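Heads up, the thing below is written out as structure tokens.
Derivation of every value follows stated rules applied to the coordinates shown; laboratory data play no part. Bear in mind that the values here come from a model prediction, so they are computed numbers and not experimental data. As a convention, Cβ positions derive from the backbone with ideal geometry for all residues, glycine included, and neighbour counts pool all protein chains shown.
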Amino acid sequence: MPHSAPPHRTERLDQDHDGIRRAARLLRQGGLVAFGTETVYGLGGLATSLKTVEHIFRAKGRPSFNPLISHFASAEAAFAEADMAIPLHDMAWELARRFWPGPLTLILPRRTGSRLCEAVTAGLDTLAVRVPKGRAVEELLRLTDQPVAAPSANRSGRVSPSTARHVLDELDGRIDAVLDTGPCPVGLESTVLDLTGSQPVLRRPGGVTLEELQETCGPVTVAGHDGTGGSISRPNAPGQLTSHYAPSLPVRLEATDLKPHEAFLTFGARQAEGASPALSLDLSPDGNLEEAARRLFAALRQLDHTAARHGLTGIAVAPLPENGLGRALRDRLERAAAPRPAEPAPPSA
Ligand code: TXA
Ligand code: MG
């Protein structure tokens with residue numbers, strides 16, 4: 001079954017010892033297994049197997065130039081794949097000590113002879129590594145005892161999954177199993193920090209905030225969506241695809257009023273003129289950014305589901321704070337609002 005064409009049926013595994021062992025066995029055989037991490041569900045497969053990694057790209061419909069994060073049970077195992085003779089060597093270890101296991105991904109130079117297959121890193125001479133947090137995923141990685149490549153377990157360009165149900169909605173029949181570890185406690189993907197140069201560069205805001213990174217790193221450069229400052233759809237510094245996290249409905253940001261037939265996504269019990277309570281969804285009535293992060297992706301999916309029933313034309317999003325997790329929330333929403341690949345950009349963009 002693993003290594004073959006897409007399986008007929010996706011097994012749903014409980015996060016008890018048997019379920020985790022079954023998931024590890026499938027992974028070791030080259031199968032595709034989705035599992036919950038503290039951030040979002042990942043679509044996992046052996047990072048050392050070209051066949052498996054190609055299968056991950058196919059199951060997701062992901063362009064092959066967009067590299068994957070490899071997941072490990074420990075910092076030692078992660079750094080063993082990297083060339084650690086770098087100026088930021090000490091910073092890498094300090095970050096690992098403070099934030100791993102946890103929602104931080106580090107970009108490091110790839111070591112000559114690394115076991116990770118080239119397709120994982122899309123042929124780059126750098127790699128992305130992380131040690132995720134969660135009882136089940138930590139046990140799964142220990143039992144698998146191999147690097148596990150895992151992009152978020154959604155179809156490419158769509159909203160990331162924060163429950164096993166979300167995974168099955170898009171990937172049922174395309175992967176071998178999903179290990180149901182319940183809803184993800186952080187709800188947004190890991191922070192991606194590039195340590196390959198002389199200064200740390202934030203490539204994707206996520207579960208670890210910029211403020212937290214600065215406490216450990218001092219100054220951190222913040223990259224734009226293309227890794228520099230502009231906006232492109234085929235990144236040379238990959239992972240920076242602009243349109244992403246997209247629900248079916250168009251998304252409009254910084255909304256303080258509503259257009260006809262728009263649903264309203266709010267934060268901190270903000271009200272808008274004419275908002276129908278049935279079509280309003282507050283990410284956190286108390287204005288708590290952790291709660292908003294946990295709920296964002298499920299909220300976007302929920303609004304998509306109610307859209308057809310209510311004849312909705314779009315999702316208006318109220319302004320969100322710019323500090324702490326607000327940066328990652330705003331990043332995901334900006335990408336959800338970006339012109340879709342098939343759509344022409346507006347003339348002024
Ligand atoms: O929280 C997460 O990071 C989740 C869970 C499953 O671990 N994974 C995740 O993977 O979000 P994915 O594939 O959806 O996003 C990985 C990001 C992409 O933006 C990718 O381009 C970037 O990391 N990335 C991977 N390798 C890279 C590299 N060598 N240089 C720059 N960016 C890289
Ligand atoms: Mg993703």
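General remarks:
- Converting phi to 3J(HN,Hα) with the Karplus coefficients 6.51, -1.76 and 1.60 and the offset θ = phi - 60°, region 265-270 yields 9, 10, 8, x, 6, 6 Hz in sequence order, with x at every glycine or proline.
- Positive contributions from Lys and Arg (+1) and negative ones from Asp and Glu (-1), summed over other residues with Cβ under 13 Å from the Cβ of Thr163, come out at +2.
- Under a model in which nothing but the beta-carbon of Lys, Arg (+1) and Asp, Glu (-1) is charged, region 251-337 shows a dipole of about 280 debye around its Cα centre.
- Annotation: amide H-H contacts under 5 Å for Gly157 (H modelled 1.01 Å from N, sequence separation of 5 or more, or interchain): Tyr245.
- The alpha carbon convex hull volume per residue for the chain rounds to 133 Å³.
- Residue-by-residue Karplus 3J(HN,Hα) for region 169-177, coefficients 6.51, -1.76, 1.60, Hz, glycine and proline x: 3, 10, 10, 4, x, 9, 10, 6, 7
- Long-range amide H partners of Thr126 with built H, under 5 Å: Arg110
- Couplings 3J(HN,Hα) of region 213-219, computed from phi: 4, 4, 4, 8, 9, x, x Hz, in residue order, whole Hz [Karplus 6.51 cos²θ - 1.76 cosθ + 1.60, θ = phi - 60°; x for Gly and Pro].
- Considering only region 11-222, percent of DSSP beta bridges that pair antiparallel, nearest 5: 50
- Angle between the chain longest axis and helix 135-144 axis [Cα atoms, degrees, rounded to 10]: 30
- When each of Leu283, Leu46, Leu333 is scored by the number of other beta-carbon atoms lying within 10 Å, the sequence from fewest to most is Leu333, Leu283, Leu46.
- In the chain, helical runs assigned H by DSSP with n ≥ 4 each contribute -39500 (n - 2.57); averaged across all residues and rounded to the nearest 500, the mean residue ellipticity at 222 nm is -8500 deg cm²/dmol.
- Dipole check for the chain: with +1 at the C-beta of Lys and Arg, -1 at the C-beta of Asp and Glu, and the Cα centre as origin, the magnitude is about 940 Debye.
- Amide H contacts of Ile69: Ala150, each under 5 Å away and 5 or more positions distant or on a separate chain (H built 1.01 Å from N in the peptide plane; Pro and chain starts excluded).
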